[in-house]
Amino acid sequence: MVRWLRFKYDQSAGFGILEENKIKVYEGDMFDGSSPTGITLDLEEVEISIPCVPGKMLALWNNFYALAEKLGMDTPPEPLYWVKTDGCYLGHGEKILKPASYDGKVVFEGELGIVIGSTCRGISEQQAEAHIFGYTCINDVTAVEIVNRDDTFPAWTRAKSFDTFGVMGPVIATGLNPEDLIVRTLLTKPGTTEVQERQNYPVSDMVFLPFVIVSMISQDVTLFPGDVICCGTSIGVGSMRPGTKIEVSIDGIGTLSNFYEENE
């Protein structure tokens, strides 16, 4: 297993492999032909960035049997997904901001994210593994009351694409078996130190597992290196108040930690 990290250091950007609290710095293209520089940095010396810069982020709905059962929904015959626009991307440690134009409920959704490593179009499930670079943690933040505000048009893209609503990181981990992973979401309410576990669910409960997701979406749109697919969430989604700390934790990847704050 390798954990890739992007960072800012001394007014420049870089990337490398995270080993414990050390970063082995690489150069070139993370997805194609990177090589070590021989430089090592301490993790505490750098500012962690989003682990990649996606050309597009796609996010799934109703992709877990447990949540579908709880909501009384049938599971879909194919992945249901929307686009989160590229202005919304946010990394580990950065602030999720309450939208200035919206005063309703904002919810967290802890998820597994797939990071594409090579261009794929119309591929099979068997071919999909070779096109997945690795996996990351996702907080698919949603201004949930916008979705059905207009009876004629479910506004998923708007509800999920406000600035700072596409949270991912802290690393991209390779060499994982996604079916072995557990997604946990932890909340610390404003003014407290009590950590509450709000989500704890197995990736194996997915309706469409990662290889199937990549194969089926590639029949619709071409996927490019760095594109991210959010696999959907399960039971335990909830709302946030300004000052809330949200952590999405997946063993082997790490913990994505952010505060939700007022937009100053």
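Here are the numbers:
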quantity	calculated
Loop-resident sites, the range 9-91, for GluC sites (Glu not before Pro), counting at most 14 other Cβ within 10 Å (DSSP)	Glu20
Where the range 135-237 is the region considered: accessible area per residue in Å², 1.4 Å probe	40 Å²
Carbon + sulfur, % of accessible area of the chain - ligands and nucleic acids excluded, 1.4 Å	47 percent
Mean separation of Cα contacts under 8 Å, 6 or more apart, over the residue count of the range 1-143: relative contact order %	16 percent
Pairs of lysines in the chain (C-alpha under 17 Å apart; 8 or more residues apart or interchain)	17
Identified option (computed Rg and Dmax of the Cα atoms in Å; candidates (1) 17.8, 58; (2) 20.4, 75; (3) 20.0, 63)	(1)
Residue among Thr136, Thr157, Thr192 with the largest mean-square fluctuation in a Gaussian network model of the chain, springs linking Cα atoms under 10 Å	Thr192
Full-extension gain in nm, Thr222 to Ser124, via 0.36 nm per residue minus C-alpha separation	34.0 nm
For the chain, built as a Gaussian network whose Cα springs stay under 10 Å, the top-fluctuating residue of Ala143, Ala59, Ala68	Ala68
Difference of contour (0.36 nm per residue) and Cα-Cα distance, Val212 to Ala13	68.2 nm
FRET efficiency estimate (nearest 0.05) - Cβ-Cβ, Lys70 to Phe153, R0 30 angstrom	0.70
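The values are calculated or read from the model by the stated rules, or taken from the named source; none is laboratory data. Predicted, not measured: the structure shown is a model, and the values here were computed from it. For neighbour counting, all protein chains shown are included, and Cβ atoms are generated from backbone atoms with ideal geometry for every residue, glycine included. In case anyone asks, the SASA skips ligands and DNA or RNA and just uses the protein heavy atoms, side chains included. Shrake-Rupley method; radii C 1.70, N 1.55, O 1.52, S 1.80 Å.
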